[in-house]
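Coordinate-derived values only; no laboratory data. This one's a predicted model, so the numbers in the text were calculated from it and none came from an experiment. Neighbour counts are summed over all protein chains in view; Cβ atoms, including those assigned to glycine, are modelled from backbone coordinates with ideal geometry.
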């Protein structure tokens, strides 16, 4: 059994490594070609210039995210190639006559798939988020600030005395906030105050340090007063103001950066924040469950690859099966992305929208395993 594991694991790991390296090289080339149009740009008239070495570093920092996205496809193609090659050379037939029954072969591949599940989790939850955020801040240093849409990120928070709606226009290369607007409302929904700040920093004790602040206070409305409030006092420009809040830097980053490239714990914390403040968190719930289920797709891929070892191979037939594996992997990748948008539009249960592709391909792989392996 030790010799068998050494044979199967060694060839499969080598095959997956080569395929992953090929995919990463291809996507790095495309990313670098896309970045060439940004060469020579700067964040200001006297700011540093975006050069080729910065573009190369930016593309290198994107590789962990690319690897996380491509790992299940690489596992599928690499395992299919090894299983098909063993079948073509009759090595798998010899292994079967030596006592390798289908269930033992399945356990063998599931053990290998578990290694890639753990690898995908580590890359997707630790390496890729840190690298992606660093790449965005690097790009912002030479090309400008990080923002989303025309108005930036909107957040909401309930505190003991009032409700707040916060708008953050952008993040600076130093991870400071820019263009902050804070609207304060009472329990009846009447605006009490508005705070505008040019920039803000995250304080360590649950607060923001606002800089270049202007405050506007509104008076209480009478019962028969018009809906619009009239400002009764407006302060002058303040250099600094400490605003207590539980909105952390991770929450702002989730709102401004791509949620699918954030840590699972950050997504969970942000979802709790949205739900506590009565906001729609469906999109982020789907992304959270997608982060949970996506590494498990490596197990689905190895189950799907096992039946290829039981097919009768002709000379030169491996390329056709590898091509089939590529098509299956691409279809899984596309369906995994489409299900997020469909689930959001159709208001599906978040876990179902995230798990639907994996469940579908699990059913297909188990059907293929039962038909081509157990019945033969």
Most fluctuating of 261, 190, 283 in the GNM of the chain (C-alpha, under 10 Å) is 190
Can you run the Rg to Rh ratio on the range 50-98? Use alpha carbon positions and the Kirkwood inverse-distance Rh.
1.39
Of 168, 213, 75, which is the most mobile in a GNM of the chain whose springs link Cα atoms less than 10 angstrom apart?
213
Kirkwood hydrodynamic radius, computed over distinct alpha-carbon pairs, for the range 1-73: how many Å, to one decimal?
14.7
Packing-based ranking, highest mean first, of 66-72, 204-210, 129-135 given that Cβ atoms within 10 Å are counted:
66-72, 129-135, 204-210
How far is it, in nm, from the label point at residue 188 to the one at residue 3 when both lie 7 Å from their Cα along the line to the Cβ?
8.7
Using only Cα positions of the range 98-217, each an equal point scatterer, no hydration layer, compute I(q)/I(0) via Debye at q = 0.13, 0.15, 0.19 Å⁻¹ and quote the log10 values to two decimals.
-0.69, -0.82, -1.08
Based only on Cα atoms, what Rg/Rh ratio does the chain have, Rh being taken as Kirkwood's radius?
1.11
For the chain, what is the mean residue ellipticity at 222 nm derived from helices alone (per DSSP H run of n ≥ 4: -39500 (n - 2.57); sum divided by total residues; nearest 500 deg cm²/dmol)?
-18500 deg cm²/dmol
